[in-house]
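What follows is a short report on a single structure.
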Amino acid sequence: MELRTFIVEDNATIRENLIGTLEELASVVALGWAEGEKEACTWFHEHQGGWDLAIVDLFLKQGSGLGVLESCQQRGRNQRLVVLSNYATEDIRKRCAQLGADAVFDKSNEIDALVEYCLALGERTP
C-alpha cells in the first residue's frame, strides 16, 4: 500500500533526497512539502483526512516543527506523524512524544530506521 506523505523540511537537497529514497524504497507517495510552520499547518488544515504520514523537521525557515506537531494533534487514528531531525536528543524525543509524534528519527544515522518504519506502516495501511 502506498503511503500518502507530506514532508516538512526546509533544506531542498535533504527534502529531494528523502522523497526520492522513500518513494523508491518504501512505497511513499509525496503529496507535497512545506518549508515553514505556517505553510505546513495550513496544508494540514486544508487536507485533514488526505494523508497517511507526515515527516517533520524541527528547525524550519519559519517557525518550528514543534508547532507543526502541535497543530496535528487532532489527526485521524490512522495518520502517523514522525520527526526527522539532526537534533534527536533524549529531551527532544520526549517533547515530540508529548506533542503526539509517533516516532523520532535522527537524520544523521536513522534513515534506514525511517525506511523500515515506512515499510511496516505501508503493510498495515488499509
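The values are calculated or read from the model by the stated rules, or taken from the named source; none is laboratory data. Quick caveat: nothing in here was measured; it's all calculated off a predicted structure. With ideal geometry, Cβ positions are generated from the backbone for all residues, glycine too; neighbour counts draw on all protein chains shown.
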Requested in this report: Would you mention how many residues in region 39-52 are farther than 12 Å from VAL82 by Cα and assigned to a loop (DSSP other than H, G, I, E, B)?
Outcome: 5
**Report entry** Odd one out for GLY65 among (1) modelled with pLDDT under 95; (2) in contact with an Asp or Glu (Cβ under 9 Å, 6 or more places away or on another chain)
**Finding:** (1)
Report summary line: Of (1) touching an Asp or Glu at 6+ places or on another chain (Cβ under 8 Å); (2) of a type outside the set (D, E, K, R); (3) assigned to a helix (DSSP H, G or I), TRP33 fails just (3)
Query raised in the report: Do we have GLU24 as within 16 Å of ILE111 (Cα to Cα) and touching a helix residue (DSSP H, G or I) at 6+ places or on another chain (Cβ under 7 Å) here?
Result: no
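Among the listed residues ASP57, ASP10, ASP52, identify the single one that is charged (D, E, K, R) and within 21 Å of ARG124 (Cα to Cα).
Working: ASP57 fails: within 21 Å of ARG124 (Cα to Cα); ASP10 fails: within 21 Å of ARG124 (Cα to Cα).
From the options ASP57, ASP10, ASP52, the qualifying one is ASP52.
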